[in-house]
Amino acid sequence: MTAAAAPTALMRQYLDVKARYPDAIVFFRLGDFYEMFYEDATYVAKTLGLTLTTRDKGKEDPVPMCGVPHHAVRTYLVKLTELGHRVALCEQLEDPKSVRGIVKRDVVRVVTPGVNLDEQSLEPREPSFVAAAIGDGRRGYGLAFLDVSTGDFHATEASSAEALVDELARAEPKELVLGDGAADPSDGELAQLLRRAYPRVPQARAPGGGSAAATLRATLRAGYDDTVVERTPLAAAAAARVREYARATQPGAALPVTRLDVYRRADTLVLDEQARAHLELTESLQTRKRQGSLLDVIDETRSAMGGRLLRRWLLFPLVDVAAIRRRHDAVERLVGAHEARDRIRAQLGEIADLERLVGRARLGVATPRDLAVLGRSLAGLPALVAALDDARAAELVGDDDDLLRLGDANEPGGGLGADLAETLTRTLRPDSPATTKEGGYVAAGISAELDDLVAIASGGRERLSAIETRERERTGIPSLKVKFNNVFGYYIEVTRANLAKGDVPADYTRKQTVANAERFVTPELADFEQKILTADERRVALELEIFGRLRDEVAAADERLLALAARVAAVDALASLAEVAHRAGYCRPVVDESGVVELADARHPVVERLAAAGAFVPNDLRLDPAAEQVLVVTGPNMAGKSTLIRQVGLTVILAQMGSFVPARAARIGVCDRVFTRVGAGDNLARGESTFLVEMRETAHILRYATPRSLVILDEIGRGTSTYDGVSIAWAVAEHLHDRVGAKTLFATHYHELTALTATHARVRNASVAASEWKGEVVFLRKLQPGGASRSFGVEVAKLAGLPPAVVERARAILRTLESQGDAGADTPRAVVPASVTPAPQLGLFAPTPPPAPAPPPTPSGPPPEVVAEILTTLGAIDVDDLSPRAAHDVLAQLTKKLTTPR
Ligand code: ADP
């Protein structure tokens, strides 16, 4: 082969691979480097700041080229997939030393934004879904999402594009697979729609595939239900599409997919992107970090798979009362069994990520360390089962124990994987390395041949020292040493000073001269070396063979191992909910179909956690579609309105996911959806104005809410002029009352809305109390019936640090306005000069409402006005100038105020 022909043949090999992976950046392995060529090289060099060179320098058309060292490839893969790219890893499939000419190369894996098996770039507690969508307005839509690292696989159908977009939000895909338009022209529209809704989720084209039924049957094996394709053709088509895509990324391995969960959206409490974001379910709205989210508060799981399942439960709460109660039963049982719960959680902490380990075994990337860890985890299961049995015995709640039952060790096939646990722990050393390169992981006693080979190696060491001793005696050189290096293997080293004293024996052949010594080899050493090296090579190969069989055995057991992992994950999620319920004092909610939401001493789970101990003020609240359907909550800024209405949404979600709730007592009539329109959430990324977004979200709610929904509205209509805003808010509230019938919490600073009670039977007013003390506003955080009496806007402005002169001026203007007869219309428009302040011009606000029917006073805590009086009295006291007698009198006076009924 001539020197010039080699590159050409190599480039032909490269171009062939690139032609098969046109949508991916090809990392082409050449020795210790992955090289890129042509446009891939130009692009990646520029984007990642690598040096761009050329191949075939001096030729007319040099090929642009850049490379990354193979040991550092992970960093580059992470960067490129984060940018939305796919990278095809093309490896050398033969040992270059043993091949003449070009080494065989092919793509072993494609790393994409959604399909990544690298442990270190996967979030342990988050799924890594790649999703496929299919369909058009006429037939409806199908959606499927698959986590290739665990085999977690779900599919559903949606009747509208909006529903599809909503559902995708909680599927949290890292990558979207869409049709290429070849078979269906509507693919393009769908791609565009989803690009607009999820600009940050990279899109990929689906590979053309066979029939959905054939694909699913091949993937799911025993788990395939052949009615799926008939009953839910679009879900099945999407599932087949995502599976084909994932399959193509792993040309040499089988996917760990054994089950497809086809669900109906209506069987879950539907949560769209707004609800998820505004209620801060999985991340804080401000920081987009997990800290400060509901998940952060309730996640006390001890294993990664438990963490992922809890997240799934939170994003897909249930609506079936019996299923919800089953989870509550299990949580109640675990709350009651303190000691057993501690043991259960300790055991769970010892269990590694079974799902991802099985996935890695099936995908052929598991290492000896992975399987050793898997073995230990499985071996720990009987202790977990024993602790669970104790928890069950401790307190009898329901009689349905399924959720806390892992399986029976005596089941045929080994319900707890005891057989595999035994094989794995016996075969692999506990300290097995994360690579098979050098062997050293197969335990003694597994293979007689292997034990012999190991003995040769260790016997070799003794033999070496024997040779050394003998040679020292023979030559009379006590400092003579037998050593080893990679260049010429075993040798004898004699220092220069000793050489001068006499000759070395005739069978020594001089090999090398170094600064202070001479190095020799002997026929005996050469022979010995050959034996050792052969034994070592054979040992590594033999270990690899044993390991390969072990990995296949695990891969073949994937179905039952994944089923077992799912049960462990459920126990972990339930134990987490029980731990939180116990620590934070949550109660078991009564769940029914009544439609009523009734809470006693309810708290906000996240705000409560962040507040000082005991500082959070609990509140009572009742919503009933038949009577108290719309609750208009007024009160000054900072009073706690947003917190209150959000905590109701969070409580409903918690209850329906199977959790206890932060309240003294709670009754939750199951909801089909929780809608939110909270805060002035901006969407600058999509270049839309705040007001437009607000109105779009509101429109969405009015369109899709049902009488079984819970609607949480915070400050509707704020993004426009006061008149526009109040009119829109009014009309929205009316529509929800008259047409939709959904339970609604409506926080607003438009006091005009309190007049709705006059004309709308199921509207109630409530306000979060605040009081004034020495010119300062005091927030009491207590929800009380009726609208707020005043807004304390000026006091809050003062609190926020507005200059005193401005505060004083504002007070003066307010007094003038109020004296001009606009008192009561305590809204921001009070700043409008009196001459232009119109009388209520819309006709909406007249007639003046009769006082709202007063529900019974809140049972806990004194009424706010009493608190205010008490504060005033206390404020007037000069403690330094107070006799004990006078102090006693004041105390008596205060106590009387508190105890006298009003
Ligand atoms: P609003 O919506 O009325 O402007 P927020 O709900 O944003 O008020 O509440 C303002 C702050 O008050 C919150 O950040 C929270 O720390 C505190 N807060 C709200 N509700 C309570 C409560 N019930 N107990 C104690 N602190 C509360």
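The values are calculated or read from the model by the stated rules, or taken from the named source; none is laboratory data. Since the model is a prediction, treat every value here as computed from it, not as a measurement. Note that we place each Cβ from the backbone using ideal geometry, even for glycine, and neighbour counts take in every protein chain shown. Keep in mind that these areas ignore ligands, DNA and RNA; they rest on the heavy atoms of the full protein, side chains included. Shrake-Rupley method; radii C 1.70, N 1.55, O 1.52, S 1.80 Å.
Meeting the requirement of 2 or more residues that are modelled with pLDDT of 90 or more, the strands (runs of 3 or more DSSP E) wholly within the stretch 1-70 are 25-30, 33-37, 63-69. Any idea which of (1) within 8 Å of the ligand (Cβ to nearest atom); (2) outside any loop (DSSP other than H, G, I, E, B); (3) surrounded by 22 or more Cβ atoms within 10 Å (Cβ to Cβ) is the one ALA639 doesn't satisfy? Among (1) within 8 Å of the ligand (Cβ to nearest atom); (2) outside any loop (DSSP other than H, G, I, E, B); (3) surrounded by 22 or more Cβ atoms within 10 Å (Cβ to Cβ), the lone unmet condition for ALA639 is (2). For residues that are of a type in the set (A, V, I, L, M) and open to solvent by less than 40 Å² (accessible area, probe 1.4 Å), scanning just the stretch 79-104, find the one that is modelled with the lowest pLDDT. Per the stated criteria, the residue is VAL99. Considering only residues in the stretch 782-808 that are crowded, with 21+ Cβ neighbours inside 10 Å and within 12 Å of the ligand (Cβ to nearest atom), the one that is modelled with the highest pLDDT turns out to be LEU783. Just so you know, in the stretch 708-726 the residues that are more than 15 Å from the ligand (Cβ to nearest atom) and at pLDDT 90 or above include one that is most open to solvent (accessible area, probe 1.4 Å), and it is ARG708. The condition (being hydrophobic (A, V, I, L, M, F, W, C) and open to solvent by 30 Å² or more (accessible area, probe 1.4 Å)) is satisfied by just one residue among ALA733, ALA729, ALA699, ALA705: ALA699.
Taking the conditions (1) within 30 Å of ARG360 (Cα to Cα); (2) assigned to a loop (DSSP other than H, G, I, E, B); (3) modelled with pLDDT of 90 or more in turn, VAL107 satisfies each one other than (2).
For the stretch 285-302, the count of residues that are on the phi > 0 side of the Ramachandran plot and modelled with pLDDT under 95 is nonzero. Looking across PHE37, PHE33, one residue alone is of a type in the set (Phe, Trp, Tyr) and touching a Cys at 6+ places or on another chain (Cβ under 9 Å). It is PHE37.
The residues of the stretch 226-248 that are free of Cβ contacts under 8 Å to residues at least 24 places away in the same chain and among the acidic types (Asp, Glu), listed by number, are ASP226, GLU230.
Against the test of being open to solvent by 40 Å² or more (accessible area, probe 1.4 Å) and under 28 Å from THR258 (Cα atoms), the options ARG560, ARG588, ARG609, ARG583 yield a single qualifying residue, ARG560. The residue pairs whose first member lies in the stretch 635-659 and is within 13 Å of GLU280 (Cβ to Cβ), whose second member is small (Gly, Ala, Ser) and part of a helix (DSSP H, G or I), and whose beta carbons are closer than 9 Å, counting only pairs six or more residues apart or on different chains, are GLY649/ALA275; ILE653/ALA275. Those strands (runs of 3 or more DSSP E) of the stretch 710-780 in which 1 or more residues are in contact with a Gly (Cβ under 7 Å, 6 or more places away or on another chain) occupy 710-714, 763-773.
Of all residues in the stretch 133-164, those being outside any loop (DSSP other than H, G, I, E, B) and within 19 Å of the chain's Cα centre (by Cα) number 8.
Restricting attention to the stretch 645-665, the residues that are within 16 Å of the ligand (Cβ to nearest atom) and either open to solvent by less than 10 Å² (accessible area, probe 1.4 Å) or of a type in the set (Gly, Ala, Ser) (or both) add up to 9.
Within the stretch 479-523, the residues that satisfy the criterion of being over 18 Å from THR469 (Cβ atoms), within 60 Å of the chain's Cα centre (by Cα) and either open to solvent by 40 Å² or more (accessible area, probe 1.4 Å) or in contact (Cβ under 8 Å) with a residue 24 or more places away in the chain (or both) are ASN486, VAL487, PHE488, GLY489, VAL514. For the stretch 849-865, the count of residues that are open to solvent by 70 Å² or more (accessible area, probe 1.4 Å) and modelled with pLDDT of 50 or more is nonzero. A single member of ARG326, ARG302 is open to solvent by 50 Å² or more (accessible area, probe 1.4 Å) and either assigned to a loop (DSSP other than H, G, I, E, B) or in contact with a Ser or Thr (Cβ under 6 Å, 6 or more places away or on another chain) (or both), and it is ARG302.
Report yes if some residue within the stretch 270-289 is in contact with a Lys or Arg (Cβ under 6 Å, 6 or more places away or on another chain) and without any contact (Cβ under 8 Å) to a residue 60 or more places away in the chain; otherwise report no. Among the residues of the stretch 270-289, at least one is in contact with a Lys or Arg (Cβ under 6 Å, 6 or more places away or on another chain) and without any contact (Cβ under 8 Å) to a residue 60 or more places away in the chain, which makes the answer yes.
Would you call PRO127 open to solvent by 10 Å² or more (accessible area, probe 1.4 Å) and closer than 22 Å to LEU310 by Cβ? The answer is yes for PRO127.
VAL633 meets each of the listed conditions (1) in a strand (DSSP E or B); (2) near the ligand (Cβ under 9 Å from one of its atoms); (3) touching a Leu at 6+ places or on another chain (Cβ under 6 Å) apart from (3).
Here ALA769, ALA758 are screened, and the one residue that is closer than 24 Å to VAL597 by Cα, modelled with pLDDT of 80 or more and hydrophobic (A, V, I, L, M, F, W, C) is ALA758.
Scanning the stretch 667-679 for residues that are open to solvent by 10 Å² or more (accessible area, probe 1.4 Å) and more than 13 Å from the ligand (Cβ to nearest atom) returns ARG667, ASP672, ARG673.
Here is the figure for the stretch 594-630: residues that are part of a strand (DSSP E or B), within 11 Å of the ligand (Cβ to nearest atom) and over 30 Å from the mean Cα position of the chain (by Cα) total 2. Within the stretch 38-68, the residues that satisfy the criterion of being touching a residue at least 12 places away in the same chain (Cβ under 8 Å), more than 18 Å from ALA24 (Cβ to Cβ) and surrounded by 15 or more Cβ atoms within 10 Å (Cβ to Cβ) are THR53, ARG55, VAL63. Criterion first (of a type in the set (A, V, I, L, M), more than 10 Å from the ligand (Cβ to nearest atom), more than 26 Å from SER767 (Cα to Cα) and not in a loop (DSSP other than H, G, I, E, B)) does VAL591 satisfy it? So VAL591 fits the description; yes.
Considering the stretch 261-296, the residues that are open to solvent by 50 Å² or more (accessible area, probe 1.4 Å) and in a helix (DSSP H, G or I) include one that is nearest to GLY140 (Cα to Cα), namely ALA266. Just give me the residues in the stretch 868-883 being surrounded by 10 or more Cβ atoms within 10 Å (Cβ to Cβ) and not in a loop (DSSP other than H, G, I, E, B), in sequence order. Within the stretch 868-883, ALA868, GLU869, ILE870, LEU871, THR872, THR873, LEU874, GLY875 meet the criteria. Here ARG362 meets the list (1) at pLDDT below 95; (2) within 19 Å of ARG583 (Cβ to Cβ) almost entirely, failing just condition (2).
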